[in-house]
Each structure stands twice: as C-alpha cells, then as structure tokens.
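So the structure is just underneath, and the comments pick up after that.
Just so it is clear, none of the values below were taken in a lab; they were calculated from the coordinates. On a predicted model such as this, the values are computed, not experimentally measured, just so you know. Note: ideal-geometry Cβ built from the backbone for every residue, glycine included; neighbour counts use all protein chains shown.
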Amino acid sequence: MSKSVDEENTSARYPTATTVADFRANVAAVRARIDAAADRAGRDAASVRLLPVSKTVPTERLRIAIDSGLRLLGENKVQEAVRKHRETEDLDVSWAIIGHLQTNKARDVAAFAHEFQALDRLRVAEALDRRLQAAGRGLDVFVQVNTSAEDSKFGMPPAELSGFLKALPVYSSLRVRGLMTLAILTPDETRVRACFRVLRELRDRAKADDPDLIGDGELSMGMSGDYEIAVEEGATCVRVGQAIFGARALPDSYYWPEG
C-alpha cells in the first residue's frame, strides 16, 4: 500500500534514529526548540523536562537510545512497557506510563513504574495505592484532565478536578506532582493553545486553593507536533516521541484521541 502525502511528510520531518549519534542529534534539536520557546515566553528553559516517548519503538533501537543517554522513557500501553522494562533490565533506564490505565493493570505499574501521568479515576488511585503499599514503594502521579472536551479523550472534565484532588491524600503512596493533558489534534494553533491554557489556569487555581494538593504543580503537556506551543503556555514536561525516535508507521490520529 502506498503512503499518503501526510505520511510521507511526517517521515521526512521525523527521520528514523538508528545510531547513538542520531539520537543525540535529535534530542539536541528538540532541546534547542524547547529553549527557544521558553525564551519567547520569558521562562527558564531549565524548568522544562523532556520525556522521550518510545511507544512502538522496537527494543533493539531502544537499547541504542538508552546508550545515547536517555534515562527515562514514556510508554502509553502498560503491556508494551512491561515487556520493554523486562528486556532492558540490564540497563540504567526508568519508565513513565503516560496512557490510560485499567485497574487490572495497576499491579504491573506499581511494580516498576517511575511515574504515572494519566490518573483520572479514584478506582485507579485506590488500585495503585493498594499495590504500592504492598510493595513498600511510592509513585509520582499526574492527574489527567480532558481540556479539549472531546468524548474520545480520557481524563476528567475540568469541573471535577478540585474534588478529585481533595480525595487523593487518603492514598498515601501516590505523590501528586501536577496535571497532564492532551491538546486537540488539529493544525489550528489557537485551539491547541487554548487546551494548554486551560490546564495552566486549573493548576494556578489549585495552587491558590490548597498548594499541598497539587505537589510541585507541574504541567505535562505537548507532544512532537505541539510541544513548542506547550512550552510557551507553561509546560514543565513535554512528551516527545517522533521528533526523537522517528516517524511511526501509523499517523498520530491512530493513537490520539486515545479512544
């Protein structure tokens, strides 16, 4: 089957990294764009964390990426993360789960994840806390908010955030670090920027109401196609996959919205 024009453009924009030099060059290029976006917004670029997202990337290339210096990788699907964690246990790398979590997978996340960025239900909080307590460990978490109001997106409605944050302290193994969102998938920059602004405003209100409930008040928002806008709007963590690893076989529309 021939590629569409959009797929060809994506492949040209995000060439596949296959060597240590490729990965280092791609990360440096992303970091430079983060720095420039932060400068435009009058922000300290050092306040923005880059989370490389390795979904669909085969383990042999992951090992090269880790060898290039990547030490924290993000994965959407728990089953894929578990497999890659097992296949790279001999290497110095940690894992962030950034996709929707079913309660029956809480045990897996509690066993090895460094952080979880998609907390949006108390049932998941309870399941994670129970497993973490049994394992004697804690977990950094971000609360996912649906700022685009799309039915196909996971994350809670903005109006439910305050009550959700107030309910979380009972789950003592969960360390709330901030909020996460996915912007609407559109070339319309104004609509994308609005999603990020909503999350920033929610964070600011939460900090004003009770700063203890929002932790560091981090904002995890922005992916390969929109992370510069996210940085301009206050992101402290950007989740970048294709711009580091290369274009995926399927377009973003296959993965986002999540449903």
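Observations on the model:
- Charged side chains reduced to their Cβ positions (Lys and Arg at +1, Asp and Glu at -1) give segment 5-248 a dipole of some 460 debye around its Cα centre.
- Violating pairs (Cα-Cα greater than 28 angstrom) within the set 84/166; 55/153; 153/207; 105/166: 84/166
- Computed from label points 7 Å out along Cα-Cβ, the spacing between residue 32 and residue 191 is 3.2 nm.
- Cα-Cα separations in the chain greater than 27 Å, expressed as whole percent: 35 percent
- Scattering curve values for segment 66-151, log₁₀ I(q)/I(0), Debye with Cα scatterers, q = 0.13, 0.25, 0.26 Å⁻¹: -0.42, -1.28, -1.35
- FRET efficiency for the residue 107 to residue 201 pair, using the beta carbon distance and R₀ = 30 Å, is estimated at 0.25.
- Farthest toward positive dipole pole in segment 76-162 [+1 Lys/Arg, -1 Asp/Glu at C-beta], among 104, 119, 146: 104
- Histogram of C-alpha separations across segment 124-242, 10 Å bin width, %: 14, 44, 31, 10, 1
- Once the Cα-Cα distance is subtracted from the 0.36 nm per residue extended length, the residue 24 to residue 133 segment shows a gain of 35.4 nm.
- Placing a pseudo-label 7 Å from each Cα along the Cα-to-Cβ vector at residue 175 and residue 16 gives an inter-label distance of 3.8 nm.
- Segment 1-112: relative contact order in percent, alpha carbon pairs under 8 Å with at least 6 residues between: 21 percent
- The chain: relative contact order as a whole-number percent, Cα under 8 Å and 6+ apart: 22 percent
- If the chain linking residue 71 and residue 126 were pulled fully straight, counting 0.36 nm for each residue of separation and taking away their Cα-Cα distance, it would gain 16.9 nm.
- Here the simple spin-label model places points 7 Å from the Cα toward Cβ, and for residue 79 and residue 47 these points are separated by 4.1 nm.
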